[in-house]
Structure formats: structure tokens, C-alpha cells
Amino acid sequence: MRTKVAIIGSGPAGLLLGALLHAAGIDNIIIEQRSRDYVLSRIRAGVLEQGTVDILRRLGVSARLDHEGLPHQGFSIGYANRSLRIDLADLTNGSKVMVYGQTEVTRDLMDARLQAGLTTLYEAENTTLHDFDSFKPSVSCQVAGKTITIDCDVIAGCDGFHGVSRASVPVNAINQFERVYPFGWLGIMADVPPCSHELIYASHPRGFALCSMRSTTRSRYYLQVKADENIAEWPDHRFWDELRRRLDPVAADNVVPGPSIEKSVAPLRSFVAEPLQFGRLFLVGDAAHIVPPTGAKGLNLAASDAFYLSEALIEYYADRTPAALCRYSARALDRIWKAERFSWSMTTLLHRFDHYSAFEQKMQDAEFAFLESSRTARQAMAENYIGLPL
């Protein structure tokens, strides 16, 4: 097989990159280790920046998003029995975010790709990247027991943190920066109405809590727990009781309990690999970086990476100038590190750290007090939350 761009991974990063390239007339093939159903079963983020929404609309894949998505003009922070609303629209000249699940974005992009007749190889085993340090890279894999080799100009590694793409890079060619947090998020999904029409981020002496949603009838809630928490020790009734303890009285009274349809514990980490280019291999999305979910940046960073790489490839195929490809890494990393900073700052502000000294706790208190008293500080938070310009 032959294509211009071989994309490893059919998550949002790979699918969005494929859609952007197809719109520009650039052939691409997606190679995915898992089945389509497995990919669609993964529960992930649900807050889209305005820039991400604009890309999806430009591609013509936003019909369901525009019909079912929930535009949010603000969110609330609970801290030490106080509540502060961050008015995104007021602080950013009318900008907002959209609540729409990552699974739904993935489904929309998959359906559009299928309708366009584009090639995606699902359940591709033993995927191997070859000669990406040359001008003739290729990818081999096995599908239904048959070995397939795909010759290409470029390989885009969009296969996540544990994927083969970053693992294929020689260790001495890549720098990796990481912070692993000493806690995780216990998340629950339930078909109950959300306790608030906007997201609530709550800091409490017992730990952080987040009240989110996927629709007006499906809620997504999180609790800060130990990183090695045993999920078997969290029956639904214990989760709902603990959630109420960490919320303000009004929000707690509005919590409607119900049977969980999904429950999991996710560890939190900050991670960046750089550079993002290794010859003709480019890292995109979670293959390149992980952010703690506190800042709602994971999916949106994947989208901006895909956007930047598509622009670089469009320019490259227009005039065959390698310099266009070389600009991708620095351009994407500039936005990645700013999003990492924001996610780190939100995580540090809102979570309980057992090792904090009395001084560090006072610094956390002062950070929230400053946010309360300074419109400029709230503007900075809102500007980052809606997403920095692409």
C-alpha cells in the first residue's frame, strides 16, 4: 500500500488530522491497534475549547455537536466554604466552551471518515515503524493474519501515551519531562441530571471534587482519591455520600444519586516529550504529552497538535519545502507548555496534598483569595480555560 501520510491511532488526534488532510486533498491511512467499538467505548474528556469547536465546524462534522452540545459561559470554584464563579463570557469578550463528550467527537469523525471512503485499518497487530530517519519511511502491521506494508512520506504518531510511536524513538533522541501526582480521580458516570448547569470545581479538606456532565440527563462526577485506590471499595452509595460532603450545601442538595454506568480511577500526571519531530515521524496528542484533567486540556491539545501538523503538511506538499515540517515541533510545544502550566496551576490550587507544610497550605489559600479579589487574575484563568489562540 502507498499513501502520503500514515497515521498511527484512531483517537481524536489521528482522526482529526486525517480529516484535515483529506480536506486539503492529502491522502492518508489510519492504522489502529484496537477495534472501532473498543475505541468508542473509551470514556474521556468532555469540555471543548472554542478553537476545537471551530475546527470541527470548518470540517463539516459538527451537526450533532451543535444540536446536542451544551455551551457553557462559566464555571464555579468552591474553596473553604466560599464559591467563586468564573464568568468566561464576561472575562473574554463573549467566548465560551462546549460540553460534548470526547467519545462523541470520535464517533462523528469516524462516521465522516467512513462516509468519505477513507482507509482505516482496525485491529492492526504488531505495528512497526520503519526508516523514519530517512526519506522513505514505512509502517508494517498484521490485519486478520495478513502482513501489510504501507509506504509513505510521513508518519504521524497519534497512538497515545503507551503507543508504539514514541517508543520507537531512540532514547537518546528524546527528552521526557514528567510529574506524577500522589493521587488519582475516581470518576463515575450516571444517567441522572447534573447538580448544576455549569461545572463545579470544589476544593475541600477531604479532597477535590468535580461536578460535570455529558448532557442534561447524564452526569459525570469525580473525587480525588489515593493513586492506588481500590475501586471495589467504592460502591455507588459511598461515592454519592462522599461527593455531597465535598460540595457546598446548595450543590450537595441538588445531587441526584443513581446507579453508575461507568466507574474508574485515573492517575494524574503531567508529561511532555520533546522534540516532536524525528526525521519523518511526528508525535501528536497523548503520544507527546499528558496533562492532568483539571484544566480540561487533553483533547484540546490533541486538536491543536493535529491542526499545526496539518498546516505544516499542507505547506510542505504545496512547495516541497522541508522547513515547513521543521516548524511543527516548536509551534506545538509553545502551546503545549502553556497548557501544561495552566493544568498544573489548577491542579495545585484545588487538590489536597498530604505532604503540604503549613506554609504551602497558606500559599494555596492566598492563591484563591487573590483570584477572588482580582479581575485580572480571573481574566487570566478564563483566557486559558477557553483556550489560547491557535
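The values are calculated or read from the model by the stated rules, or taken from the named source; none is laboratory data. Given the structure is predicted, the values throughout are model-derived calculations rather than measurements. Backbone-built Cβ (ideal geometry, glycine too); neighbour counts: all protein chains shown.
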Answer residue from the stretch 235-281, given it is among the acidic types (Asp, Glu) and touching a helix residue (DSSP H, G or I) at 6+ places or on another chain (Cβ under 9 Å) and is nearest to residue 83 (Cα to Cα) among those: 253
In the stretch 317-332, residue farthest from residue 273 (Cα to Cα) [restricted to those that are surrounded by fewer than 18 Cβ atoms within 10 Å (Cβ to Cβ) and of a type in the set (A, V, I, L, M, F, W, C)]: 318
Out of the stretch 150-205, which residues are over 21 Å from residue 138 (Cβ atoms) and of a type in the set (Lys, Arg)? 179
Somewhere in the stretch 259-275, is a residue part of a loop (DSSP other than H, G, I, E, B) and either farther than 30 Å from residue 334 by Cα or over 25 Å from the mean Cα position of the chain (by Cα) (or both)? yes
Single condition residue 271 does not satisfy, out of (1) crowded, with 24+ Cβ neighbours inside 10 Å; (2) in contact (Cβ under 8 Å) with a residue 40 or more places away in the chain: (1)
Looking at residue 214 and the list (1) at pLDDT 95 or above; (2) basic (Lys, Arg); (3) outside the structural domain of residue 277 (by TED's automatic domain parsing); (4) crowded, with 20+ Cβ neighbours inside 10 Å, which single condition is not satisfied? (1)
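Scan the stretch 338-356 for residues that are surrounded by fewer than 19 Cβ atoms within 10 Å (Cβ to Cβ) and modelled with pLDDT of 95 or more and jot them down.
Selection gives 338, 341, 344, 345, 348, 352, 353.
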Filter pass, residue 291 being under 11 Å from the mean Cα position of the chain (by Cα) and touching a residue at least 24 places away in the same chain (Cβ under 8 Å): yes
List the number of the failed condition for residue 186; all other conditions in (1) part of a strand (DSSP E or B); (2) in the same structural domain as residue 312 (by TED's automatic domain parsing); (3) of a type in the set (A, V, I, L, M, F, W, C) hold. (2)
Given the condition touching a residue at least 12 places away in the same chain (Cβ under 8 Å), surrounded by fewer than 22 Cβ atoms within 10 Å (Cβ to Cβ) and closer than 30 Å to residue 204 by Cα, answer yes or no: does some residue in the stretch 28-43 qualify? yes
